[in-house]
Amino acid sequence: MFLIVKEIDSEERKLKIIAHIHTDFPEKFGVPRQSGLVKELYGRIVFTPEYRNIDALRGIEGYDYLWLLWKFEGVERKNWSPTVRPPRLGGETHMGVFATRSPFRPNPIGLSSVKLEGIEKTEEGMTLLVSGIDLRDKTPIYDIKPYLPYVDSHPNARGG
């Protein structure tokens, strides 16, 4: 038996920015360290022209929460490190990068759960209004997925 491997074009592997979020945080300072910590913080997700198709949002109003996959910016390092010092632990304890939510990761990808507050038609196309944000203004969004309580919630899980 032979495994046929298709060579993947570099364009196929490249993550595409589908939207940007607009918030009141031009800098990283003041941004909550996790989504949902400050429920009163709002953002507007504006899609890039290629993804401004209203059909792409069909059914999204049936969800209360969304997952955002986004790009960390301004935290690039020249060399990857397997450990980080999380501020939550006083900045003195070394933890494995995969046991933290540190922005200093092999890939600059963030994950946030936000509350869907509404959908508006604007001059920029359909816009999602969300709350509980933890993102800087103009953060690039790679993907949006619905939060599914029956699989995304683990009430008895340990938290580290």
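The values are calculated or read from the model by the stated rules, or taken from the named source; none is laboratory data. A quick note: this is a predicted structure, and the numbers were derived from the prediction, not measured. We place every Cβ from the backbone using ideal geometry, glycine too, and count neighbours over all the protein chains shown. The accessibility values were calculated without ligands, DNA or RNA, using every heavy atom of the protein model including side chains. Shrake-Rupley method; radii C 1.70, N 1.55, O 1.52, S 1.80 Å.
Heavy-atom accessible surface of Tyr42, to the nearest 10 Å², is about 130 Å², with a 1.4 Å probe and all protein chains retained. For the set Tyr142, Tyr63, solvent exposure ranked by accessible area (probe 1.4 Å, protein chains only) runs largest to smallest as Tyr63, Tyr142.
Cross-link list Lys78/Lys138; Lys78/Lys145; Lys16/Lys138: which exceed 20 angstrom alpha carbon to alpha carbon?
Lys78/Lys138; Lys78/Lys145
Solvent-accessible area of the stretch 102-160 (1.4 angstrom probe, protein heavy atoms only): carbon and sulfur portion equals 49 percent. Considering only alpha-carbon pairs that sit under 8 angstrom and 6 or more positions apart, the relative contact order computed for the stretch 102-160 is 23 percent. Under the combined filter of DSSP loop state and at most 10 neighbouring Cβ atoms within 10 Å, the stretch 64-160 retains these GluC sites (Glu not before Pro): Glu76, Glu92, Glu123. Annotation: amide H-H contacts under 5 Å for His22 (H modelled 1.01 Å from N, sequence separation of 5 or more, or interchain): Arg44, Ile45, Val46, Lys138. The Cα atoms of the stretch 95-139 give a gyration tensor whose axes a ≥ b ≥ c have a/c of 1.5 or more with a/b greater than b/c, which makes the shape prolate.
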